[in-house]
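Everything on this sheet refers to the single structure shown next.
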Amino acid sequence: MKILNFGSINIDNFFSVDHIVRDGETIDSKFYEEKLGGKGLNQSIALAKVSKDVYHAGKLNIKDDFILEYLKENKVDTRYIKKTQALTGSAFIQVDKNGENSIVLDHGANYQMDYQFIDEVLNNFERGDILLIQNEINNLAYLIDKAFDKGMFIVLNPSPINEALLNLDLNKLNMLIMNEGEAKDICKLNLEEEIIEKLKTYYKNLKVVITYGKSGSIYFDSAITLRQKAYKVDVVDTTGAGDTFTGFLVGLMANDYPIKAALNYAALAASLAVKVKGASNSIPNFDKVEEFLKESI
(Lines give C-alpha, C1' and ligand atoms only; values in the text may rest on other atoms or scores of the structure.)
Protein backbone atom coordinates (compact mmCIF):
# COMPACT_ATOMS: atom_id res chain seq x y z
CA MET A 1 0.00 0.00 0.00
CA LYS A 2 1.29 3.43 -1.01
CA ILE A 3 0.38 6.80 0.49
CA LEU A 4 0.02 9.75 -1.85
CA ASN A 5 -0.27 13.22 -0.37
CA PHE A 6 -1.41 15.54 -3.14
CA GLY A 7 -0.89 18.86 -1.45
CA SER A 8 0.50 22.34 -1.05
CA ILE A 9 4.07 23.51 -0.65
CA ASN A 10 4.63 26.98 0.78
CA ILE A 11 7.45 29.28 1.75
CA ASP A 12 6.28 31.08 4.89
CA ASN A 13 7.64 34.58 5.49
CA PHE A 14 7.30 35.70 9.11
CA PHE A 15 7.60 39.36 10.11
CA SER A 16 7.70 40.23 13.83
CA VAL A 17 6.16 43.68 14.21
CA ASP A 18 5.07 46.00 16.99
CA HIS A 19 1.55 46.18 15.53
CA ILE A 20 -0.23 45.00 12.39
CA VAL A 21 0.41 47.51 9.63
CA ARG A 22 -2.38 50.03 9.03
CA ASP A 23 -3.65 51.46 5.74
CA GLY A 24 -0.97 53.55 4.05
CA GLU A 25 1.58 52.82 6.79
CA THR A 26 5.15 51.55 6.47
CA ILE A 27 6.73 49.97 9.55
CA ASP A 28 9.92 48.15 10.44
CA SER A 29 10.08 44.43 11.09
CA LYS A 30 11.94 43.59 14.30
CA PHE A 31 12.70 40.10 13.08
CA TYR A 32 12.27 38.20 9.82
CA GLU A 33 12.25 34.43 9.41
CA GLU A 34 11.61 32.18 6.42
CA LYS A 35 10.36 28.65 6.90
CA LEU A 36 8.92 25.87 4.78
CA GLY A 37 5.27 25.08 5.28
CA GLY A 38 1.96 24.42 3.64
CA LYS A 39 -0.40 21.82 5.04
CA GLY A 40 0.61 19.42 2.31
CA LEU A 41 4.34 19.56 3.03
CA ASN A 42 3.82 19.39 6.79
CA GLN A 43 1.56 16.35 6.56
CA SER A 44 3.91 14.52 4.19
CA ILE A 45 6.74 14.89 6.67
CA ALA A 46 4.50 13.68 9.51
CA LEU A 47 3.43 10.68 7.41
CA ALA A 48 7.04 9.78 6.69
CA LYS A 49 7.82 9.67 10.43
CA VAL A 50 5.66 6.55 10.74
CA SER A 51 5.30 5.12 7.23
CA LYS A 52 7.30 4.03 4.22
CA ASP A 53 6.22 4.62 0.63
CA VAL A 54 5.07 8.20 1.26
CA TYR A 55 4.80 10.22 -1.96
CA HIS A 56 4.16 13.94 -2.27
CA ALA A 57 2.56 15.31 -5.43
CA GLY A 58 2.50 19.03 -6.08
CA LYS A 59 4.24 21.89 -7.86
CA LEU A 60 6.93 24.43 -7.05
CA ASN A 61 9.11 26.97 -8.81
CA ILE A 62 11.99 25.72 -10.94
CA LYS A 63 14.52 27.48 -8.69
CA ASP A 64 13.40 25.89 -5.43
CA ASP A 65 15.38 22.65 -5.44
CA PHE A 66 16.15 23.15 -1.74
CA ILE A 67 12.53 22.24 -0.96
CA LEU A 68 12.92 18.92 -2.78
CA GLU A 69 16.07 18.22 -0.81
CA TYR A 70 14.30 19.05 2.45
CA LEU A 71 11.53 16.59 1.69
CA LYS A 72 14.00 13.90 0.63
CA GLU A 73 15.96 14.38 3.86
CA ASN A 74 12.71 13.69 5.67
CA LYS A 75 12.18 10.46 3.67
CA VAL A 76 9.39 11.76 1.45
CA ASP A 77 9.44 10.55 -2.18
CA THR A 78 9.38 13.62 -4.44
CA ARG A 79 9.16 12.04 -7.91
CA TYR A 80 5.64 13.47 -8.38
CA ILE A 81 6.58 17.06 -7.60
CA LYS A 82 6.74 19.06 -10.81
CA LYS A 83 8.69 22.25 -11.38
CA THR A 84 6.92 25.22 -12.97
CA GLN A 85 7.55 28.84 -13.89
CA ALA A 86 4.98 29.93 -11.29
CA LEU A 87 6.35 30.99 -7.94
CA THR A 88 6.17 28.49 -5.11
CA GLY A 89 3.19 29.20 -2.85
CA SER A 90 3.90 31.86 -0.24
CA ALA A 91 2.47 33.17 2.99
CA PHE A 92 3.36 36.62 4.30
CA ILE A 93 2.67 36.63 8.02
CA GLN A 94 2.79 39.62 10.36
CA VAL A 95 2.95 38.67 14.04
CA ASP A 96 2.55 41.53 16.54
CA LYS A 97 3.86 41.85 20.11
CA ASN A 98 0.65 40.27 21.45
CA GLY A 99 0.92 37.23 19.23
CA GLU A 100 -1.89 38.34 16.91
CA ASN A 101 -1.27 37.81 13.22
CA SER A 102 -2.32 38.96 9.78
CA ILE A 103 -1.68 36.75 6.75
CA VAL A 104 -1.55 37.31 3.01
CA LEU A 105 -1.50 34.04 1.06
CA ASP A 106 -0.35 33.63 -2.52
CA HIS A 107 -1.30 30.22 -3.93
CA GLY A 108 1.35 30.37 -6.64
CA ALA A 109 2.30 26.94 -7.99
CA ASN A 110 -0.20 25.25 -5.64
CA TYR A 111 -2.96 26.39 -8.01
CA GLN A 112 -1.27 24.97 -11.12
CA MET A 113 -2.71 21.44 -10.69
CA ASP A 114 -4.24 20.88 -14.13
CA TYR A 115 -6.21 17.78 -15.14
CA GLN A 116 -3.32 16.33 -17.14
CA PHE A 117 -0.93 16.53 -14.18
CA ILE A 118 -3.48 14.93 -11.84
CA ASP A 119 -4.07 12.10 -14.32
CA GLU A 120 -0.34 11.52 -14.79
CA VAL A 121 0.23 11.20 -11.05
CA LEU A 122 -2.78 9.00 -10.30
CA ASN A 123 -1.81 6.59 -13.10
CA ASN A 124 0.95 5.40 -10.75
CA PHE A 125 -1.44 4.41 -7.96
CA GLU A 126 -4.10 1.74 -7.65
CA ARG A 127 -7.10 0.49 -5.69
CA GLY A 128 -6.46 0.46 -1.94
CA ASP A 129 -3.68 3.04 -2.01
CA ILE A 130 -4.27 6.05 0.27
CA LEU A 131 -4.81 9.57 -1.04
CA LEU A 132 -4.46 12.38 1.52
CA ILE A 133 -5.62 15.84 0.46
CA GLN A 134 -6.20 19.29 1.95
CA ASN A 135 -7.90 22.37 0.49
CA GLU A 136 -4.77 24.32 -0.45
CA ILE A 137 -4.61 23.22 -4.10
CA ASN A 138 -6.98 23.72 -7.04
CA ASN A 139 -9.10 21.17 -8.93
CA LEU A 140 -9.81 19.22 -5.75
CA ALA A 141 -13.18 17.94 -7.01
CA TYR A 142 -11.55 16.50 -10.15
CA LEU A 143 -8.83 14.87 -8.05
CA ILE A 144 -11.41 13.26 -5.76
CA ASP A 145 -13.48 12.00 -8.70
CA LYS A 146 -10.48 10.36 -10.35
CA ALA A 147 -9.21 8.79 -7.12
CA PHE A 148 -12.71 7.53 -6.33
CA ASP A 149 -12.93 5.90 -9.78
CA LYS A 150 -9.63 4.13 -9.08
CA GLY A 151 -10.86 2.83 -5.72
CA MET A 152 -8.28 4.71 -3.62
CA PHE A 153 -8.88 5.30 0.10
CA ILE A 154 -9.49 9.06 0.17
CA VAL A 155 -8.75 11.13 3.29
CA LEU A 156 -9.66 14.82 3.34
CA ASN A 157 -8.44 17.44 5.78
CA PRO A 158 -10.88 20.24 4.79
CA SER A 159 -8.75 23.27 5.51
CA PRO A 160 -9.28 26.05 4.69
CA ILE A 161 -13.06 26.09 4.35
CA ASN A 162 -14.43 27.86 1.27
CA GLU A 163 -17.41 27.62 -1.05
CA ALA A 164 -15.73 25.14 -3.40
CA LEU A 165 -14.97 22.80 -0.52
CA LEU A 166 -18.53 22.97 0.79
CA ASN A 167 -19.72 21.76 -2.63
CA LEU A 168 -17.56 18.61 -2.64
CA ASP A 169 -19.28 15.22 -2.67
CA LEU A 170 -18.43 13.77 0.74
CA ASN A 171 -19.89 10.41 -0.33
CA LYS A 172 -16.72 9.84 -2.34
CA LEU A 173 -14.52 10.17 0.75
CA ASN A 174 -13.46 7.40 3.09
CA MET A 175 -12.25 9.60 5.94
CA LEU A 176 -12.66 13.19 7.10
CA ILE A 177 -10.23 14.75 9.62
CA MET A 178 -11.24 18.25 10.71
CA ASN A 179 -11.30 20.63 13.64
CA GLU A 180 -14.38 21.76 15.54
CA GLY A 181 -14.89 24.92 13.50
CA GLU A 182 -14.61 23.09 10.19
CA ALA A 183 -17.11 20.48 11.35
CA LYS A 184 -19.61 23.22 12.20
CA ASP A 185 -19.12 24.91 8.83
CA ILE A 186 -19.48 21.69 6.83
CA CYS A 187 -22.56 20.49 8.71
CA LYS A 188 -24.05 23.94 9.32
CA LEU A 189 -24.70 22.86 12.91
CA ASN A 190 -23.21 23.85 16.28
CA LEU A 191 -23.84 20.97 18.68
CA GLU A 192 -21.51 17.96 18.59
CA GLU A 193 -24.31 15.41 18.90
CA GLU A 194 -26.13 17.00 15.96
CA ILE A 195 -22.98 16.99 13.83
CA ILE A 196 -22.31 13.34 14.58
CA GLU A 197 -25.90 12.38 13.85
CA LYS A 198 -25.92 14.22 10.53
CA LEU A 199 -22.65 12.72 9.32
CA LYS A 200 -23.67 9.21 10.38
CA THR A 201 -27.04 9.58 8.70
CA TYR A 202 -25.95 11.02 5.35
CA TYR A 203 -22.50 9.44 4.99
CA LYS A 204 -22.81 5.93 6.35
CA ASN A 205 -19.41 4.71 5.09
CA LEU A 206 -17.43 7.73 6.28
CA LYS A 207 -14.86 7.61 9.07
CA VAL A 208 -14.71 10.95 10.88
CA VAL A 209 -12.27 12.60 13.29
CA ILE A 210 -13.04 15.95 14.90
CA THR A 211 -10.27 17.64 16.89
CA TYR A 212 -10.87 20.06 19.76
CA GLY A 213 -7.38 21.30 20.61
CA LYS A 214 -6.78 21.03 24.35
CA SER A 215 -10.03 19.08 24.72
CA GLY A 216 -8.79 16.17 22.62
CA SER A 217 -10.61 14.57 19.72
CA ILE A 218 -13.42 12.22 18.79
CA TYR A 219 -13.55 9.44 16.20
CA PHE A 220 -16.71 7.86 14.90
CA ASP A 221 -17.99 5.69 12.09
CA SER A 222 -21.16 3.69 11.57
CA ALA A 223 -20.17 1.19 14.26
CA ILE A 224 -18.14 2.89 17.01
CA THR A 225 -17.39 6.19 18.74
CA LEU A 226 -14.07 6.84 20.50
CA ARG A 227 -12.83 9.82 22.49
CA GLN A 228 -9.15 10.70 22.70
CA LYS A 229 -7.68 12.97 25.35
CA ALA A 230 -5.09 15.64 24.64
CA TYR A 231 -1.81 15.51 26.58
CA LYS A 232 -0.93 18.55 28.70
CA VAL A 233 2.39 20.19 27.85
CA ASP A 234 3.94 23.66 27.96
CA VAL A 235 2.85 25.21 24.67
CA VAL A 236 5.42 27.20 22.67
CA ASP A 237 3.86 27.24 19.21
CA THR A 238 0.71 25.49 17.94
CA THR A 239 1.67 25.88 14.26
CA GLY A 240 1.65 22.48 12.56
CA ALA A 241 0.12 20.56 15.46
CA GLY A 242 -2.97 19.65 13.43
CA ASP A 243 -0.82 18.53 10.50
CA THR A 244 1.27 16.39 12.85
CA PHE A 245 -1.91 14.78 14.20
CA THR A 246 -3.25 14.07 10.70
CA GLY A 247 0.00 12.64 9.36
CA PHE A 248 0.57 10.34 12.32
CA LEU A 249 -3.04 9.15 12.34
CA VAL A 250 -3.19 8.32 8.64
CA GLY A 251 0.30 6.83 8.58
CA LEU A 252 -0.33 4.53 11.51
CA MET A 253 -3.70 3.43 10.16
CA ALA A 254 -1.90 2.54 6.91
CA ASN A 255 0.37 0.33 9.01
CA ASP A 256 -2.66 -1.51 10.44
CA TYR A 257 -2.61 0.14 13.86
CA PRO A 258 -6.03 -0.14 15.53
CA ILE A 259 -7.82 3.21 15.42
CA LYS A 260 -7.66 3.60 19.21
CA ALA A 261 -3.87 3.24 19.23
CA ALA A 262 -3.43 5.44 16.16
CA LEU A 263 -5.48 8.22 17.76
CA ASN A 264 -3.41 8.04 20.94
CA TYR A 265 -0.08 8.22 19.10
CA ALA A 266 -1.39 11.11 16.98
CA ALA A 267 -2.37 13.00 20.13
CA LEU A 268 1.02 12.36 21.70
CA ALA A 269 2.83 13.53 18.55
CA ALA A 270 0.75 16.71 18.32
CA SER A 271 1.50 17.50 21.97
CA LEU A 272 5.23 17.17 21.37
CA ALA A 273 4.96 19.37 18.27
CA VAL A 274 3.54 22.34 20.19
CA LYS A 275 6.58 22.33 22.49
CA VAL A 276 8.79 23.45 19.57
CA LYS A 277 8.61 26.68 17.56
CA GLY A 278 7.85 26.13 13.89
CA ALA A 279 5.80 23.77 11.75
CA SER A 280 7.47 20.93 9.82
CA ASN A 281 10.62 21.14 11.95
CA SER A 282 8.56 20.57 15.11
CA ILE A 283 7.19 17.18 14.02
CA PRO A 284 8.70 14.52 16.34
CA ASN A 285 10.23 11.20 15.35
CA PHE A 286 8.27 8.10 16.31
CA ASP A 287 10.81 7.04 18.95
CA LYS A 288 10.30 10.38 20.74
CA VAL A 289 6.56 9.77 20.72
CA GLU A 290 7.03 6.31 22.21
CA GLU A 291 9.25 7.76 24.93
CA PHE A 292 6.58 10.36 25.71
CA LEU A 293 3.97 7.60 25.89
CA LYS A 294 6.01 5.74 28.51
CA GLU A 295 6.43 8.93 30.52
CA SER A 296 2.70 9.59 30.38
CA ILE A 297 1.58 6.19 31.68
Between the stretch 247-297 and the stretch 65-83, the alpha-carbon center distance in angstrom: 23 Å
Candidates E182, E136, E194: whichever shows maximal mean-square fluctuation once the chain is modelled as a Gaussian network with Cα springs under 10 Å: E194
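Quick check: from the Cα gyration tensor, does the chain come out rounded (a/c under 1.5), prolate or oblate? Mind dumping the intermediate values first?
Working: a/c = 1.37, a/b = 1.15, b/c = 1.19.
Rounded.
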Ellipticity estimate at 222 nm from DSSP helix runs (n ≥ 4, -39,500 (n - 2.57)) divided over the chain, nearest 500: -10500 deg cm²/dmol
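Run the accessible area of the chain with a 1.4 Å probe and give the carbon-and-sulfur part as a rounded percent. Display every interim value, and only then the final one.
Numbers: 6940 of 14640 Å².
Whole-percent figure for carbon plus sulfur exposure: 47.
Please give the length that would be gained between L191 and E163 if that part of the chain were fully extended, namely 0.36 nm times their separation in residues minus their C-alpha to C-alpha distance (nm, one decimal). Could you put the intermediate results ahead of the total?
Working: separation 28, 0.36 × 28 = 10.08 nm, distance 2.18 nm.
Length difference between fully extended and current span is 7.9 nm.
Among rounded, prolate and oblate, which fits the stretch 156-290 when a ≥ b ≥ c are the square roots of the eigenvalues of its C-alpha gyration tensor, a/c under 1.5 means rounded, and a/b larger than b/c means prolate?
Numbers: a/c = 1.85, a/b = 1.53, b/c = 1.21.
Note, shape of the stretch 156-290 comes out prolate.
If you stretched the chain out fully between I62 and Q116, how much longer would it get, using 0.36 nm times the residue separation minus the C-alpha to C-alpha distance?
Values: separation 54, 0.36 × 54 = 19.44 nm, distance 1.90 nm.
Once the chain is fully extended between I62 and Q116, it gains 17.5 nm.
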Rounded to whole Hz, the Karplus (6.51, -1.76, 1.60) HN-Hα couplings of the stretch 270-284, x for glycine and proline: 5, 5, 5, 5, 6, 7, 10, 6, x, 10, 4, 6, 8, 6, x
Separation in nanometres of the label points that stand 7 Å from Cα toward Cβ, at A141 and K72: 3.8 nm
Long-range amide H partners of K207 with built H, under 5 Å: M175, L176
Inter-label distance for K52 and R127, nm, one decimal - labels placed 7 Å from Cα along Cα-to-Cβ: 2.5 nm
Rough spin-label spacing in nm, given labels placed 7 Å along Cα→Cβ, for K214 and K232: 1.0 nm
Positive dipole terminus of the stretch 69-200, leading residue within S90, I137, M152 (C-beta point charges): M152
For the chain, built as a Gaussian network whose Cα springs stay under 10 Å, the top-fluctuating residue of I103, I130, I11: I103
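Note the full-extension length gain between K288 and H107 as 0.36 nm times their separation in residues minus their Cα-Cα distance, in nm to one decimal. Could the numbers behind the result be given before it?
On the way: separation 181, 0.36 × 181 = 65.16 nm, distance 3.37 nm.
Additional length available on full extension: 61.8 nm.
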Choice from A267, A48, A230 showing the highest fluctuation, given a GNM over the chain with Cα pairs closer than 10 Å: A230
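The values are calculated or read from the model by the stated rules, or taken from the named source; none is laboratory data. These numbers come from a predicted model, not from an experiment. Note that we place each Cβ from the backbone using ideal geometry, even for glycine, and neighbour counts take in every protein chain shown. SASA here: full protein model, heavy atoms, side chains in, ligands and nucleic acids out. Shrake-Rupley method; radii C 1.70, N 1.55, O 1.52, S 1.80 Å.
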